[in-house]
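Just so it is clear, none of the values below were taken in a lab; they were calculated from the coordinates. Keep in mind that what you see is a predicted model, and the values were worked out from it rather than measured. Cβ placement follows ideal geometry from the backbone for every residue including glycine, while neighbour counts extend to all protein chains displayed.
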Amino acid sequence: MQKLSGDELKIFEVLKSRVQSHLGGNRLIRDYHSSKTRLNEIGFSIPPHMRDFETSIGWAEKAVSVPAARVRGDGFTAVDGGRFLDGVSNLLGEDDFRAKESYAIESAMQYGCSFVFVTPARRGPQLNIIVRSAEEASAEVDPRTGLVTAALEMVNADKYFLYLPGKCLAVVNDKGSWRASAEFVLPFDEYDTVPCTVFTWRPDLNNPFGRSRITRPLRGLTDVAVRTLLRQETTAEYFSAPQRALLGADEMHFTDGNGNRVSPLAAMTGGVWGLPDVFDEDEGKLVRPELVQLSQASMTPHSEMLRSIACMVSSETTIPLGYLGVVHDNPSSAEAILASESDMVAMVESQLPNIGRARSDLLRNIVAVAYGGQTREQVASLGSVRAHFRDPGTPTVAARADAALKFRTAFPDGDPRVAMEIAGLTAHQIDRNLAYARKVSASSAVDSLIAGRAPVSTVDSVGGGADELKKKFDALGVAIRAGVKPEVAAAKVGLSGLAFVDGRPITLKYEGE
């Protein structure tokens, strides 16, 4: 083990103290999210024997999971960084990457921020992508560039990983002092960054690390709702038992023939009640006991109060009221459902640029780790990376198809990829569709060349001039990309005698390669 330097120990203590200072609040948020928080004040209306009765409401979890499900990543695009993206796609499982992204986004909504670390795998070509919540990690972010300059990942109370530019230190507690038990090289020293991405939810100038969806008003409203349910349960407990009153009764009515006291429950559950008249000395006559049925308490006040609380929760979280489980009206129409979700959808859409920035930064970290370094070429090429998302709303299939058709009508020469995005196809489906189109086009060109003629799409029936020559060269390019040798393709399209320079498209391979 080696001793930490002064700067290393300083940044380690700063990040560790930041995690510990927010640990109490973060654990409270976690308890509300998992419905494990206990009420501090129950109220006088709850009898002592029901104070340990477990009643929970999952509104805090709902406030996180519902909008998180609307953030649906849909791949990346890059103007000139495609070769880096193609190389990384072979190292990462698409489903695993999406799962890690969803963990980071949902944790950011729960705590305000989450942290994603990328490290080389010790074995095999795969990469390690580790997602940590605000309870387990922290980072230093340059306020001008937004880049992470140092980060801390907690493994347990006595072991941490400290990420610094160019290296990662395994810091352990050695008899009360913190020492580095191991050091790992990171390919980020040139730009003074570390392979850590911070996902945040609703950051601003006063809260650069975001804000939790489980706000203080939501926690207070959840406590009020739980107390309301407890009162409702208490009311149900009392009126579920027979509530009767016996007027004009005497002690003799509750003793048996031997003078023993009769259990009230046994008397109440008897098949037939037959009580003798009692002589009233004051009135000087026999008085017959009267059995009175007490009316049960109404549940309506509790239900109405719970509904009012749910309305305030809906306003606080932008979650539609129907999602909170207290509305029992008739099902709404599709238009009414979309209208009720408009506030939540607008809120999610406002945060997509922020989440997209984090997704793009995570992708750049993955590329740097996968290629063993962060070069200037990578930085320049991946600067154009853009993260894409699917529509956070719930448009119908018919509406998407109609929008795509109108786009094609208005822009007949427009990008087909845009039309397919409007139609609702995923990035993977669009790539498959375009790859199939290219395959069909190349196959048609090869068939035409084999038949001894140029492709039909390239033949100019009028002929002559630069247009015909251009079409022949277009056909030549199609044939070469399809795998035909350049000299043979040139002869087939009527361009015999061309001299070809060294080099070929990077997608072609000859025999023996």
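Descriptive notes on the structure:
- Of the peptides 335-345, 66-76, the ranking by mean beta-carbon count within 10 Å, highest at the top, reads 66-76, 335-345.
- Footprinting exposure proxy for Val440, Val348 (fewest neighbouring C-beta atoms within 10 Å first): Val440, Val348
- Rounded to the nearest whole Hz, the Karplus-based 3J(HN,Hα) values (6.51 cos²θ - 1.76 cosθ + 1.60, θ = phi - 60°) of region 411-418 follow the sequence 10, x, 9, x, 5, x, 5, 5, with x at glycine and proline.
- Phi to ³J(HN,Hα) by Karplus 6.51 cos²θ - 1.76 cosθ + 1.60 over region 208-222, Hz, x for Gly, Pro: x, 9, x, 9, 6, 6, 8, 7, 4, x, 5, 5, x, 5, 5
- Taking amide hydrogens as placed 1.01 Å from N in the peptide plane, the amide H of Ser138 sits under 5 Å from those of Leu152, each at least 5 positions away in sequence or on another chain.
- Remark on Arg72: its backbone amide H falls under 5 Å from those of Arg390, a criterion applied only to residues 5 or more positions apart or on other chains, H modelled at 1.01 Å from N.
- 5 angstrom amide H check on Leu4, placed H, neighbours 5+ away: Ala180
- Region 407-440 and region 127-169: distance between their alpha carbon centers, rounded to Å: 40
- Put in line by how crowded their Cβ is, counting other Cβ atoms within 10 Å and starting with the fewest, Met312, Met154 read Met312, Met154.
- Estimated vicinal HN-Hα couplings, Hz - region 478-486 in sequence order (Karplus 6.51, -1.76, 1.60; Gly, Pro = x): 4, 5, 5, 5, 7, x, 6, 4, x
- Spatially proximal lysines relative to Lys485 (Cα-Cα < 25 Å; intrachain offsets below 8 disregarded): Lys439, Lys470, Lys471, Lys472, Lys509
- Ignoring lysines fewer than eight residues from Lys10 along the same chain, the ones with Cα atoms less than 20 angstrom from its Cα are Lys159, Lys167, Lys175.
- Per-peptide average of other Cβ atoms within 10 Å, ordering 200-210, 358-368, 55-65 highest first: 358-368, 55-65, 200-210
- Annotation: the residues Thr394, Thr197, sorted from fewest to most other C-beta atoms within 10 Å of their own C-beta, follow the order Thr394, Thr197.
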